[in-house]
Each structure stands twice: as structure tokens, then as C-alpha cells.
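Pasting a structure below so you can have a look.
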Amino acid sequence: MPLIQMTDSLLRVRDLVVQFRLPEGDVTAVDNVSFDVAPGEVLGIVGESGSGKSQILFSLMGLLAGNGRVSGAAHFAGQDLLAMPPRALDQVRGVAMSMIFQDPMTSLSPYKRVGDQLAEGLIVHKGLSRREAGREAGRMLDRVRIPDAARRARSYPHEFSGGMRQRVMIAMALLVKPQLLLADEPTTALDVTIQAQIIDILAELAREMGTAIIFVTHDLGVVARLCDRVIVLYGGRIMEEGPAAPLFAAPAHPYAKGLLHATPRIAAPLSPRLETIAGTPRAGGAMLPGCPFASRCDQRIDICQTAQPPLKVIAPGRLSACHLTGNAA
Amino acid sequence: MLRFLTTRAGDGILTLAALVTLTFFVMRLAPGGPFSSNRKISPDILANIEATYHLDEPLLQQFLRYVWGVVRFDFGPSIRFRDYSVADILISGLPYSLTIGLWAVLVATVTGVTLGILGALKRNSIIDYSAGVIAVIGIAVPIFVLAPLMQVYFALTLRWLPVGGWGDSWRNLVLPIVALSLPNIAYISRLTRAAMIETLRENYIRTAMAKGIGGRRVVWNHALTGAVLPVVAYLGPATAAIITGSIVIETIFALPGIGRHFVDAALNRDYPLVMGITILYGGFLIVFNTLADILRGWLDPRVRNE
């Protein structure tokens, strides 16, 4: 049971575990993660590469790689996404829930016109004619501010820049007016100057449509600007969770502190070098007892390597999984 | 499109010119000649015969004479088959090779692509393994072993089909077509399977799945294009090779196609016939490669602008 209960949550994830079967043995990518998303809420999931954040989204969409196994529950609009057969899931994904992927260069089919790729969902799910769906697609491309949208709908993906392709992906995901949007590092592959524009378009449209977003990223600046609530993930486990503003103002967990500390800031006084968290991210593989961050933590005490710290309420709406912060609450 | 075609036609003519030149001189470098046989011919008679075919002229002059003929669509007389011109021989044999060859290409493509896709979608299933076995047999067992076995079983034992020969019935065509398409079925199915497996791992397939349009639509509407592109590229040269006949198939099934001339003409040093065959095959290669490129451009917008 999570410690924060929502009465009207749109998505209710409980005890989510994602494992991959590899020749070397099973690897746990997501380890007992529970969280809720309220309608219209923007939830940020942050963490380093390999922390399991993208796999949470893939498991919700039924898009895990073939060797992936999932357990737990994810209730969305009264149905458990994790228990649904693919055919039933097809009535949810691309309809009430859609996803934007990390790499816009490879996430669109090179063989089909952009407009047709957008229109397909409307044709299949809403029974629109090709012409009506095409018109809707053109209108949506206009809303993500693609210049000359009606004509550009007839172009192929290779005729667009990376930023423009990600706008196309956003248009495709929002075209069906979903209740929940899963965004998997949508700006990571883009030029820094384009990132802000993409985020703004995404946030603006989602707010207009009342769409809730789970925003997975390792860009803390984006999270601070966009998200209502934040989950900090490490080694597949939730380290800290809470409303964005207080969490960023005063992170409780040593890992969250380190992560924020390692963010370069232009406004801050020049430090001689980039701050880092010592050590290397825990490689997937055999789960060790104790806190996954223990080996890199500078406040480590004996118990950290033997007992896994449970998530504990440290302030109203704030959770942390640390032996030290737990005592402070 | 028009510009593409004119460019390709220009390239094609240059390629053919190079092919004609090279073949002409390389062929003459080979020892022997059309009249070097065990039988002694008196020098006077030999000189007479060579004069008839202009073989006594300097090589360069012979070459120019041949080229001048080709430009006027005169491919010269066959030396071996007296009273027949090269054009006569090729035109009379081509319909047989074309009929069997085009059917074989069609059968190989449809069967190969279907087996490849089924194998990729149901990996490690019975279908996949059966397709794999067919592929191994088709590639590894030579056609001169398979074709006679087919004759023995389907023609002699079961008596379903004629052993060989060309008749009015479609039944004469079945065994040669199957024998000619088998290695290609094998190759195309492996090509399709590999391309389909690779395509299904693409990010845009994941995007399509995320749209909830259903697995079947994802395969047919999104993955198929990527899976058949390598097949299209293969079909260009393969079609040219298949429709110009096969000496093995034509010998085993006693068919009057042109495939046997590829070998016979060279062995007999029938210079004009070798040249004619070379030009025909080269022309088919150029035409079918161009067709394959057009088809590829139609399927893949990224190659269109190249």
C-alpha cells in the first residue's frame, strides 16, 4: 500500500515489478513501485540512465521487450492494464492513453506520409473516413505549430528536422485527446534550443485538454518547470516522492540531494568543476539486500547494506526511503 | 521520373557498350576457334570459310563490323547452326524460357515472401522450422538432383505430370517451374524472414503498437514494407537470370529454351551467338534492375530523391 492515497486517481500503480530474462540471469528493472496519478496532473519521474524509469511506461503500454515480465497492478479507468490481453489493451492505448517516445528520428515510419500516420489512429478507433481523419491530423499539426501544416501533412518523416518530428509525435499522441500521456524523455534526443519549445507546446496542449502526463526524464530543469509532483527513482526503486516545489527546495533523500547538487546552473556562482555523485550507477543484475544507493552514499551507515529502507512519510505528501530521513520525520 | 528513366537508359547503353567490347575481345583471347576440330580441314577450305565469316580480317576491323551490325539490330549469323541468324535462334527459344521463367519468379516471390513472413511472426514454430528445412534443401541440394527426383516421383510413380517436353497442356510447365523456383523460394524466404524480424524491432513498430491499432494492422500496414525491400532489390538481377533460362532445367525437361546456348555457344566458339546471348542477358539485367529501383522508390520515399 502506498502511503499517499488518492481518492480520485486516474492511474493507480501498485507493486509494479518489471524483470528481464537475460542469458546471465534475471534482471529487475523496476522493483516494487507504487504511485498514483490524478486527472490532469503532471507527474515527473527522474533518475539516471538505467534506473528503470522508461520501463515503467513501457510496462503500462504493454510494450515491454519480449523477454520482459511484469507483475503488480496498474488500474486505469477501472481496468488493470497489466492483466489485459493485447486486444483489450488496444481499446485503451492510443485511445485514452498515449505515448511519446524518446527518439523522434526513428519513431516514425519512414515509408508513410506523416499525415497518414497521424490519421490512422482516428480511422481505426473513431471510425472516421480517410478524408475527415486527414483534416483532423492537419489541424493537430497546426496546433503543435508546424508551419504550413496542411501541406506538410503530405511530407515523409525524413523531410522533417528532429524537433519537427517530435512535434509530429506530440500531435499523434494528443490527436485522440487522451486522459493520460506517457512522455519518455521526449526532449533528450533534441537540440537544447529546441527542447524548451517542445516542452512548452506539450504542456500547453495537455493543459487545454486536461490530459495528465507522466513525464520521464533526467532533465531536472524540465521537471521543475513542468511537474506538479516528482518521483526520484534509483535502481528501480522509489527513493523520494513529493510535490515538485518543496522537493526541489529541500530534497530529503541523499540520492535526491546528490542529483540536485549535480545539476549545473548558469545562475549559480561558477564552481571550478561539474559536481558529480561518486561511484557508478548500480548495474542491473542480482539484487543485493539493502538500499540500492548504499555503495555510493556518503552518509551510509551499517544498516544501509543489510536492510532495504522502506518508503516513509516525512512530511504531508512527501515520502523518502532512507534509514536516516525516516528517523527525522 | 522521366529524367530518371532517361538517365538510366543512357547508363544502360553505356554499360551495354562496355559489355560488348569486353566480351568481344576476351572471347577472342580464349584459345581455339569455331573450326578447330579433330577433323582435318585443308588450309584452302579453312581460309575460304574464315573469309566468309570475316574471321581473316584484323580483330579491330571485325569488332567495328560487329558493332555496326548491332547498331542496325543485325547480330550476325550463327556459325554453328548454319542458315540461322543469332536473332532467329534467340527469338525462337526465348518464349519458352520467358514463360517458365516469369512463372517461376512469380511462384518464388509469392511463396518465399509468405513463408518468410510466417516464419518471422511465428518464430521457432512448426511453420518456421518447415520453412527453414525447405530453405536448406532448396539452397543446398542442386537442382540437377532435385529435378530428376521430382520426375521419378510425380511423373513416373504417381503419373500426375509429364516427364518433360513442351506440349499444349499447362501440366508440362508444372515441374520445370517448381524446379526453377525452388532455390529462389528458399533464398527469398530467408531474406524476408531476416528483414521482417529486423523491422519488427524498429522503433516505429513500437509507435504503431502504441497506437492500439492491433497487431495484424501493424504487421501488414507498417512492417511489411521494410520486410519486402531487400526482396525487391534481389528480384532485379534474379529475374534477369531466371527468365533467360537454365541449361540444367532445359536439358532435364527437354525444353527448347535459350538457356542451353549460354554453355553450348561458348563451347562451340560460336562467336556471334555468344555475343547475342551476352547482349540479351545484359539488356534484361539493366531493364530489371531499373524496374526494381522504381519499385523500391515507390515503396521507400527516401530512395526517391537519390
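Subtracting the Cα-Cα distance from 0.36 nm times the residue separation, let me have the gained length for B:Arg39 to B:Ser125 in nm, one decimal.
24.6 nm
Moving on to the next point. Rounded to the nearest 0.05, what FRET efficiency do A:Thr193 and A:Thr263 give with R0 = 25 Å and r taken as the Cβ-Cβ distance? Could you check?
After rounding to 0.05, the efficiency reads 0.85.
Here's a follow-up. Where does chain B land at 222 nm, in deg cm²/dmol rounded to the nearest 500, when only DSSP H runs of n ≥ 4 count, each adding -39500 (n - 2.57), divided by all residues?
One gets -23500 deg cm²/dmol as the mean residue ellipticity at 222 nm.
In nm, to one decimal, how far is the B:Ile197 label point from the A:Val313 one, both placed 7 Å along Cα→Cβ?
Result for the modelled spin labels: 5.4 nm.
Between their Cα atoms, which of A:Lys257/A:Lys312; A:Lys53/A:Lys112; A:Lys53/A:Lys126 are more than 28 Å away from each other?
A:Lys53/A:Lys112; A:Lys53/A:Lys126
While we're looking at this one, here's another question. Can you tell me the dipole magnitude for the stretch B:1-155 around its Cα centre, using point charges on the Cβ only (Lys, Arg +1; Asp, Glu -1), in Debye to the nearest 20?
Charge dipole of the stretch B:1-155: 380 debye, to the nearest 20.
Sticking with this structure for a sec: Where a ≥ b ≥ c are the square roots of the eigenvalues of the C-alpha gyration tensor, would you call chain B rounded, which needs a/c under 1.5, or, failing that, prolate if a/b is larger than b/c, or oblate?
Judged from the Cα gyration tensor, chain B comes out oblate (a/c at least 1.5, b/c at or above a/b).
So which aspartates and glutamates pass the test for B:Lys40, namely a Cα distance under 16 Å, with those fewer than 8 places away in the same chain ruled out?
B:Glu50
Can you give the FRET efficiency for B:Leu5 and B:Asp74, using 1/(1 + (r/R0)^6), R0 = 30 Å, r = Cβ-Cβ distance, to the nearest 0.05?
Rounded to the nearest 0.05, the efficiency is 0.65.
So, in nm, how far is label B:Ala140 from label A:Gln91 when the simple model puts each one 7 Å beyond its Cα toward the Cβ?
4.9
Compute the signed sum of charges (Lys and Arg +1, Asp and Glu -1) over the other residues within less than 10 Å, Cβ to Cβ, of A:Arg69.
Here the charged neighbours net out to 0.
Express in nm, to one decimal, how much length is gained between B:Tyr84 and B:Ala254 on full extension, taking 0.36 nm for each residue of separation and deducting their alpha carbon distance.
In short, 59.1 nm is gained.
Can you say what percent of the DSSP beta bridges in the protein assembly as shown, counting only those with both residues inside, are antiparallel? Round to 5.
Roughly 60 percent of the beta bridges in the protein assembly as shown run antiparallel, per DSSP.
Continuing with the same structure: How far is it, in nm, from the label point at A:Ala278 to the one at B:Ser92 when both lie 7 Å from their Cα along the line to the Cβ?
Placing both labels 7 Å along Cα→Cβ, they lie 9.4 nm apart.
What's the local net charge at A:Glu132, with K and R +1, D and E -1, over the other residues with C-beta under 12 Å away?
So the environment of A:Glu132 carries a net charge of +4.
Between A:Arg145 and A:Gln79, what is 0.36 nm times their sequence separation minus the Cα-Cα distance? Round to one decimal in nm.
20.3 nm
To continue, here is another question. Am I reading the B/A interface right? What is its buried accessible area, both sides, 1.4 Å probe, to the nearest 100 Å²?
2200
On to the next question. To test your reading of the geometry: what angle, between 0 and 90 degrees and rounded to tens, separates the Cα axis of helix B:224-243 from the longest principal axis of chain B?
Helix B:224-243 sits roughly 20 degrees off the main axis of chain B.
What angle do you read, to the nearest 10 degrees and between 0 and 90, between the alpha-carbon axis of helix A:192-209 and the longest principal axis of chain A?
Approximately 80 degrees, to the nearest 10.
Turning to a different aspect of this structure: Given a Förster distance of 60 Å, report the FRET efficiency between A:Ala65 and B:Asn48 from their Cβ-Cβ distance, rounded to the nearest 0.05.
For R0 = 60 Å, the calculated efficiency reads 0.15.
Calculate how steeply helix A:114-126 sits against the longest principal axis of the alpha-carbon atoms of chain A, using the helix alpha-carbon long axis, and give the answer as 0 to 90 degrees to the nearest 10.
90
Once you have a ≥ b ≥ c as the square roots of the Cα gyration tensor eigenvalues for the stretch B:152-219, tell me rounded if a/c is under 1.5, and otherwise prolate or oblate according to whether a/b is larger than b/c.
prolate
The values are calculated or read from the model by the stated rules, or taken from the named source; none is laboratory data. Bear in mind the structure is a predicted one, so any value in this text is a computation, not a measurement. No Cβ is skipped: glycine too gets one built from the backbone with ideal geometry, and neighbour counts run over all protein chains shown. All accessible areas refer to the heavy atoms of the entire protein, side chains included, with ligands and DNA or RNA removed. Shrake-Rupley method; radii C 1.70, N 1.55, O 1.52, S 1.80 Å.
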